[in-house]
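Worksheet for the structure shown next.
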Amino acid sequence: QVQLVESGGGLVQAGGSLRLACAASGRTFASYAMGWFRQAPGKEREFVAAIRRTSGSTDYADSVKGRFTISRDNAENTVYLQMNSLRPEDTAVYYCAHAQRVPVTSPVVYDYWGQGTQVTVSA
């Protein structure tokens, strides 16, 4: 079992920044990667970013490249998502998730999910 708890969401004006954190506990040593997804009202959950546990290599959705940065602290079992130059279309519930296989961009490979944290970007 893996438990994931997100924090850091909130309300920010367009152009602002937020930093999300995801604290993991439990059997995290078996993870292949950690990812961030988001879901806006009336839309499907979409991939945002992922980071592999061992290599640290990362993947990003095209919509966030150059603005968001995913990082991790393996010693603290925490994954971060630094979000800069936020836009109203970034408004969504952001979820942290745990994957044991590829492809990291697909939600089907993620077996544990956090409860989500709301990010709202005002125009």
Expected single match for touching a Phe, Trp or Tyr at 6+ places or on another chain (Cβ under 9 Å) and more than 20 Å from Val108 (Cα to Cα) among Gly56, Gly15, Gly35, Gly9 is Gly9
Every listed condition ((1) assigned to a loop (DSSP other than H, G, I, E, B); (2) buried (at least 17 other Cβ atoms within 10 Å of the Cβ); (3) in contact with a helix residue (DSSP H, G or I) (Cβ under 9 Å, 6 or more places away or on another chain)) holds for Val121 save (1)
Out of segment 63-91, which residues are surrounded by fewer than 18 Cβ atoms within 10 Å (Cβ to Cβ) and in a helix (DSSP H, G or I)? Pro88, Glu89
Looking only at segment 74-92, how many residues end up being touching a residue at least 60 places away in the same chain (Cβ under 8 Å) and more than 12 Å from Cys22 (Cα to Cα)? 6
Select, from Ala21, Ala61, Ala33, the only residue that is of a type outside the set (Lys, Arg) and more than 27 Å from Ser122 (Cβ to Cβ). Ala33
In the set Gly35, Gly56, Gly15, Gly42, the lone residue that is assigned to a loop (DSSP other than H, G, I, E, B) and either in contact (Cβ under 8 Å) with a residue 40 or more places away in the chain or hydrophobic (A, V, I, L, M, F, W, C) (or both) is Gly15
Being over 13 Å from Tyr94 (Cα atoms) and assigned to a strand (DSSP E or B) is the filter here, so list the residues in segment 18-32 that pass it. Ala23, Ala24, Ser25, Gly26
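Since every read-out is calculated from the coordinates, none of them should be taken as a lab result. Everything numeric in this text was worked out from a predicted model, so none of it was measured. Quick reminder, even Gly has a Cβ in these numbers, built from the backbone with ideal geometry, and neighbours come from all protein chains shown.
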